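Each reported figure results from applying straightforward, stated rules to the coordinates on display, with no laboratory input. All values derive from a computational prediction rather than experimental measurement. We place every Cβ from the backbone using ideal geometry, glycine too, and count neighbours over all the protein chains shown.
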Amino acid sequence: MACACVAWPVVRAWEVGKARRAAVVCGGARRTGGERSTSASYVGVYYVNLKDKGVSHGKWQARIHVDGRTKYLGCFTLEDDAAEAYDDARVAQGKSRVNFPSAQEKAQQDAVDAQLRANTKAARERQECGEPTSSFVGVDYVKYNDKGGKWRALIMVHGKLKHLGHFMLEDDAAKAYDDARVAHGRSRVNFPSAQEKAEQVGVEAQLCANEKAARERRERGEPMSSFVGVEYVKLKDKGGKWVAKIHVDGKHKHLGHFMLEDDAAKAYDDARVAQGKSRVNFPSAQEKAEQVGVDAQLCANEKAARERRERGEPTSSFVGVDYVKYNDKGGKWRAQIRVDGKYKYLGCFILEHDAAKAHDDARVAHGKSRVNFPGNK
């Protein structure tokens with residue numbers, strides 16, 4: 001007759017003496033304080049009370065965890081039989097026995113426990129020195145059981161941490177991290193090859209050079225980068241990289257981190273071209289000629305606005321238009337219109353006439369007449 005077993009909370013132990021196992025008499029169970037069920041003395045073994053099923057005593061149930069799920073191994077009258085069933089299931093999975101281990105398995109487990117304790121000691125000593133628990137990149141220490149802990153390997157992929165596993169040896173966790181980097185097209189950092197070491201030396205030298213260039217410009221009161229859309233960011237104690245950003249629809253769009261300042265500047269130029277704008281960091285001959293004309297117009301705008309201001313007049317002779325400083329070359333003309341008591345920005349223009357026309361067009365759109373060029377349609 002198959003028994004219907006009900007699982008109750010369990011306290012597990014690694015090994016128990018004969019005195020505790022002898023507490024099972026005639027299929028009964030140890031009880032304290034009138035508890036409904038009593039925990040098993042072995043790993044993977046649970047006592048279940050069957051009194052409410054019409055049975056005068058309880059039985060021992062064996063269960064094992066397989067692929068994230070609990071697998072039921074059966075109910076047994078004797079606790080030792082349930083423990084042996086659990087051990088047999090572990091052996092079938094290629095694991096060692098834990099309830100009735102052989103002399104070899106005991107020796108192996110002693111070695112494992114010693115390594116767990118050594119891991120804990122190494123991690124604790126580093127923490128006391130204010131260092132990370134592991135001396136390798138992508139590896140940290142995690143508590144495993146009362147004996148000690150293991151080494152966990154993690155890698156960042158697309159902004160998320162990916163778990164690579166727990167390892168008994170710190171070196172194995174570091175190698176797993178390196179293998180994951182290689183799988184993502186990156187170089188090894190914990191155990192690099194001779195070529196990777198040489199490449200890393202070059203990278204660190206460039207990072208230092210970036211730091212020096214940015215610092216010298218900052219000391220002179222200049223922007224840290226000599227290119228438009230590029231700035232310097234500190235990455236680690238070795239130095240930093242160059243970040244390219246572009247303004248799109250009122251928001252900054254990140255274009256990436258670059259080892260070389262020129263590469264960041266080119267990325268910014270490429271993003272401008274994709275928006276239908278001209279290159280500013282590495283312009284072509286035609287773009288340079290166009291920029292010369294733009295700079296000349298900016299200077300002319302600056303001169304016209306300054307002369308009017310000196311005469312006590314508005315900076316622009318048109319309604320809804322004023323002058324704004326654009327860069328060290330000069331400025332542009334800003335067009336605005338007042339709608340429902342608030343100013344609406346219409347844009348900045350190289351030519352004053354274009355700004356005035358934009359204001360007139362906005363007035364027409366709101367059912368009003370043109371004021372700057374009333375004869376136009």
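Please work out the C-alpha center-to-center distance from the range 156-179 to the range 261-327 and express it in whole Å.
Cα centroid to Cα centroid, the span is 51 Å.
Out of all Cα-Cα pairs in the chain, roughly what percent, to the nearest whole number, are more than 40 Å apart?
53
Each label point is 7 Å from the Cα along the Cα-to-Cβ direction; what then is the distance between the points at GLN297 and LYS212, in nm?
So the two model labels end up 4.3 nm from each other.
Could you tell me what fraction of 2.2 N^0.38 Å the Cα radius of gyration of the range 99-145 comes to, as a two-decimal ratio?
1.47
Tell me the label-point distance for the pair GLN115, VAL364, using the 7 Å Cα-to-Cβ offset, in nm and rounded to one decimal.
8.2
Report the charge-dipole magnitude of the range 288-365 in Debye, nearest 20, computed about the Cα centre from +1 at each Lys and Arg Cβ and -1 at each Asp and Glu Cβ.
200
How large, in Å, is the range 111-185 by the Kirkwood hydrodynamic radius built from its alpha-carbon pairs?
It is 12.6 Å.
Report the label-to-label distance for LYS106 and VAL157 in nanometres (one decimal), using points 7 Å from each Cα along the Cα→Cβ vector.
So the label points at LYS106 and VAL157 sit 4.3 nm apart.
Which Cα, out of TYR268, ALA122, VAL48, lies furthest along the positive dipole direction of the chain (beta carbon charges, K/R +1, D/E -1)?
Toward the positive end, the furthest listed residue is VAL48.
Restricting to DSSP H runs of at least four residues, report the calculated mean residue ellipticity at 222 nm for the chain, -39500 (n - 2.57) per run over all residues, nearest 500 deg cm²/dmol.
-12500 deg cm²/dmol
Would you mind checking the tilt of helix 194-219 against the longest principal axis of the Cα atoms of the chain, expressed as 0 to 90 degrees and rounded to 10?
Between helix and principal axis, roughly 40 degrees.
Let me have the relative contact order for the chain, percent, based on Cα pairs under 8 Å that are six or more residues apart.
5
Treating cross-link reach as a plain straight distance, find the aspartates and glutamates whose alpha-carbon is under 17 Å from the alpha-carbon of LYS303, omitting any fewer than eight places away in the same chain.
Hits, sequence-local ones excluded: ASP295, GLU313, ASP322, ASP328, GLU352.
How large is the charge dipole for the chain, taken about the Cα centre, if only the Cβ atoms of Lys, Arg (+1) and Asp, Glu (-1) carry charge, to the nearest 20 debye?
1240
Going toward the positive end of the dipole of the range 109-191, with +1 on Lys and Arg Cβ and -1 on Asp and Glu Cβ, which of LEU161, ASN190, TYR177 do you reach last?
Value computed over the given set: LEU161.
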